[in-house]
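Heads up, the thing below is written out as structure tokens.
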2 protein chains.
Amino acid sequence: MRDAEIIAVGSELLTHDKLDTNSLFVTEQLNTLGVEVRRKLVVGDDRVRLEAAIRHALGHADIVVLTGGLGPTEDDLTRDATAAALGRKLIFSEEICEWIAERFRKFNRTMAEINKRQAYLVEGAEPLPNPRGTAPGQWIVSGDRVIVMLPGPPGELKPLVVNEMIPRLQKMLPPLAIRTRFYRVAGMGESDLDALIAPVYTKVENPATTILAGMGDIQIHLRARAATAEEAERLLEQVAPQIEELLGDRLYSRNGDTLETVVGKMLRERGATLSVAESCTGGMIGERITNVAGSSDYFVGGFLTYSDEMKVRLLGVDPALIAERTAVSAEVARAMAEGARARTCSTYALSITGEAGPESATGIPAGTLFLGFASEAGSEARKINVPGDRNRVRMLGAQSALDFARKQIR
Amino acid sequence: MRDAEIIAVGSELLTHDKLDTNSLFVTEQLNTLGVEVRRKLVVGDDRVRLEAAIRHALGHADIVVLTGGLGPTEDDLTRDATAAALGRKLIFSEEICEWIAERFRKFNRTMAEINKRQAYLVEGAEPLPNPRGTAPGQWIVSGDRVIVMLPGPPGELKPLVVNEMIPRLQKMLPPLAIRTRFYRVAGMGESDLDALIAPVYTKVENPATTILAGMGDIQIHLRARAATAEEAERLLEQVAPQIEELLGDRLYSRNGDTLETVVGKMLRERGATLSVAESCTGGMIGERITNVAGSSDYFVGGFLTYSDEMKVRLLGVDPALIAERTAVSAEVARAMAEGARARTCSTYALSITGEAGPESATGIPAGTLFLGFASEAGSEARKINVPGDRNRVRMLGAQSALDFARKQIR
């Protein structure tokens, strides 16, 4: 009784520039009840396709949530298609019609004839009042299935979900407690990570484990479901500590914080400051650090030294060192970090230099990067090789640099 | 023969925080051939549901595009489910296996046993080479239907769509000439823009006009379809010149180039160089400029001067000026640009200073920004007010700064 399908209705959601974002909110709210969304479908304003889609969903999901298509125009077909799929009639509601007319009067407008279309209910449906729009939602129970019709505009949909749909579902569903862990990991690929922790998480079905890989960043969600919160927590404890131990040092967050947030917290705890010296990333590291509100407490600033000349002029890197080692070298990465630290008087400085591609100006292969870190204790450098295009090299470079800083600070 | 369904595969796409964005790109590309997407479905990593979904799609669409689920793990079921839905076998390809192993060798890694799963082809499928990943796409013709399997990571999917899928579809489909214009506009809101150009574009149905509003950036697509290219071009010419005239100076690109690309081209044409001095954007402008391959030809570098002290120390801004005017002022924006230009010896320098929020450290309301620009001729500043949260303020700030540079350089 906890499988759901969401059907978003509207031809505009099938263009190349518009996504069905309502489903994210609906999913989030359904998940709080332990309801899992098994399919999400987008259908255009097409009567035949929509009716077929609703019919199919009723055959496979316990809860079918329809969003959109409740407007007053000929294109708004959700009411008609739902009634047809259920083999029920549409019934005109004087009460709803009067409510819509009242709403128009309130805004000194006259209700158009076409708005009467919004006063039709599927036979047996309970109207869900929509204080922000003219079309009410509809709640329909059919055997052991529930069909919920919600208006498409997010500002109308959200209150209906929270105030009408979720409380009704909650009454119907047996109680369920959910507990989660949200890990983030840097410095390893998805397949290596999976090979490492799969032996632990595949042993159990509850908690369910989801692995989400981004650019140099992996998120691991554990979600345990049980009759009580204590039981759900106990289920989590059967795998979470083992996963944490296997990940070790690479686990940078236990609560979903981003890497820049974690580094920021470490700096704040130590009363320390950071500066950066970026070459190939061109500002990406600074941009990420300053994306955290309050980062001015620990981030002082930095240097974008895209050319060799700027590394010399702005950071005081010895030109002879660049001539000897090239700008893409451990020595220059360290000199950049040392220069940034000296010139900003920050506690720490983080640097990156490398060849982002697509063509190599230096003869050094694209994807070769050096990270530098300077502190009172001296400076360190690390070489990394990043396969892929320019964007990937830069993004993985920035991610690796932040992770290098995290490890060095700690 | 021009109806398509897109099926995105992956349980992570059914969570509350992840959308299937691949479908936008696939839709855009299919539309260039006159193919319309009729349904978009998201299914989890669930063998039974996926096979049923593919079977259903084959009954209703001419072209079925599957994205994701081609990875090496047990959860990657697209190959198996497609084969089952078509009643075909999966066949191991030594050739693809060797190609994958070679790819691992290239990066000094050993191919894991599970990666062999990626070397299976649906019987009769043509592999689509994936230069950026290990899983090839697959192209399958079944009667008058086409099934295309594409990898989920956008960086892998996009080149496969453009280089493999679209050319193959183009060969199959009856010719249809499509001509497009792709305008980009900065410095105005979506509703103002629509009010301005709607009287022109609503007069005709062909070309179709799509307006896509991003953060401080609006894209306008005109798409004309006709039997011949000449006829499509003639249809475009009935509206395009009027739209260009109405947009005037705000139109920065006629071919879809980004603002940073346009600024880069202007600098390159003039043999000029640029430096930046960023406060609240923390590196976002530099990051955008250097995201363009070859930007080292005109971008020398810059300064992230997040604190007042850094504005003084790194850029030579007079501390008395900051004390008198605050760091968020036209005078300081100009002094920052002048300082960056003097210290890097660049032709031009662009600066930004402002209050990104959420809380204001200066007493100046969040969203107040000053842009500065320095050249041989002196310096200019402009004040802008950006409503919204921290992220929006920073992004619109960076966008406005680049547009300011465009207008000043010209």
- prompt: For the stretch A:1-14, what are the residues that are surrounded by fewer than 20 Cβ atoms within 10 Å (Cβ to Cβ) and at pLDDT 85 or above?
  reply: A:ARG2, A:ASP3, A:SER11, A:GLU12
field: Candidates B:ARG117, B:ARG132, filtered to the one that is under 29 Å from B:LEU24 (Cα atoms) and part of a helix (DSSP H, G or I)
entry: B:ARG117
- prompt: Of all residues in the stretch A:199-214, which are facing chain B (nearest Cβ under 9 Å) and surrounded by 16 or more Cβ atoms within 10 Å (Cβ to Cβ)?
  reply: A:THR210, A:ILE211, A:LEU212, A:ALA213
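Across the stretch A:55-100, which residue is nearest to A:GLY44 (Cα to Cα) among those that are among the aliphatic types (A, V, I, L, M) and out of contact with any helix residue (DSSP H, G or I) (no Cβ under 8 Å at 6 or more places or on another chain)? Talk me through it step by step, then tell me what you get.
Within the stretch A:55-100, the subset among the aliphatic types (A, V, I, L, M) is A:57-58, A:61, A:63-66, A:70, A:77, A:81, A:83-86, A:90-91, A:96, A:100.
Filter again for out of contact with any helix residue (DSSP H, G or I) (no Cβ under 8 Å at 6 or more places or on another chain), leaving A:57, A:61, A:83, A:91.
Details: A:ALA57: 16, A:ALA61: 21, A:ALA83: 17, A:ILE91: 24 Å.
Result: A:ALA57.
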message: Within the stretch A:100-117, does at least one residue satisfy the condition of being under 23 Å from A:LEU58 (Cα atoms) and either among the acidic types (Asp, Glu) or open to solvent by 50 Å² or more (accessible area, probe 1.4 Å) (or both)?
response: no
statement: Every listed condition ((1) more than 8 Å from every other protein chain (Cβ to nearest Cβ); (2) part of a helix (DSSP H, G or I)) holds for A:GLU287 save (1)
query: Going by the structure shown, is B:SER351 assigned to a loop (DSSP other than H, G, I, E, B), within 14 Å of another protein chain (Cβ to nearest Cβ) and touching a strand residue (DSSP E or B) at 6+ places or on another chain (Cβ under 6 Å)?
result: no
statement: Reported set for the stretch A:261-280 where residues are buried (at least 17 other Cβ atoms within 10 Å of the Cβ) and either modelled with pLDDT under 95 or not in a helix (DSSP H, G or I) (or both) is A:THR273, A:LEU274, A:SER275, A:VAL276, A:ALA277, A:GLU278, A:SER279, A:CYS280
- prompt: Can you name the condition, by its number, that B:ALA85 falls short on among (1) away from every other protein chain (no Cβ under 11 Å); (2) touching a Lys or Arg at 6+ places or on another chain (Cβ under 6 Å); (3) buried (at least 24 other Cβ atoms within 10 Å of the Cβ)?
  reply: (3)
- request: With the condition kept exactly as written, say whether any residue in the stretch B:362-378 is within 26 Å of A:ASP297 (Cβ to Cβ), touching a Phe, Trp or Tyr at 6+ places or on another chain (Cβ under 8 Å), of a type in the set (Gly, Ala, Ser) and in contact (Cβ under 8 Å) with a residue 60 or more places away in the chain.
  value: no
- request: Of the conditions (1) facing chain A (nearest Cβ under 7 Å); (2) open to solvent by less than 20 Å² (accessible area, probe 1.4 Å); (3) in a helix (DSSP H, G or I), B:SER296 clears all except one; give me its number.
  value: (2)
statement: Inside the stretch A:138-186, the number of residues satisfying the requirement of being among the acidic types (Asp, Glu) and under 30 Å from A:GLU12 (Cα atoms) is 2
- request: Could you list all residues from the stretch B:363-406 that are open to solvent by 60 Å² or more (accessible area, probe 1.4 Å) and either more than 24 Å from the chain's Cα centre (by Cα) or at pLDDT 95 or above (or both)?
  value: B:GLY363, B:PRO365, B:GLU376, B:ALA377, B:GLU380, B:ARG382, B:LYS383, B:ASN385
message: Going by what's in this entry, would A:HIS60 be described as at pLDDT below 95, surrounded by fewer than 18 Cβ atoms within 10 Å (Cβ to Cβ) and within 11 Å of another protein chain (Cβ to nearest Cβ)?
response: yes
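The values are calculated or read from the model by the stated rules, or taken from the named source; none is laboratory data. A quick note: this is a predicted structure, and the numbers were derived from the prediction, not measured. Cβ coordinates were reconstructed from backbone atoms using ideal geometry, including for glycine residues, and neighbour counts include every protein chain displayed. Each accessible area value is taken on the protein alone, full model and side chains, heavy atoms only, with ligands, DNA and RNA left out. Shrake-Rupley method; radii C 1.70, N 1.55, O 1.52, S 1.80 Å.
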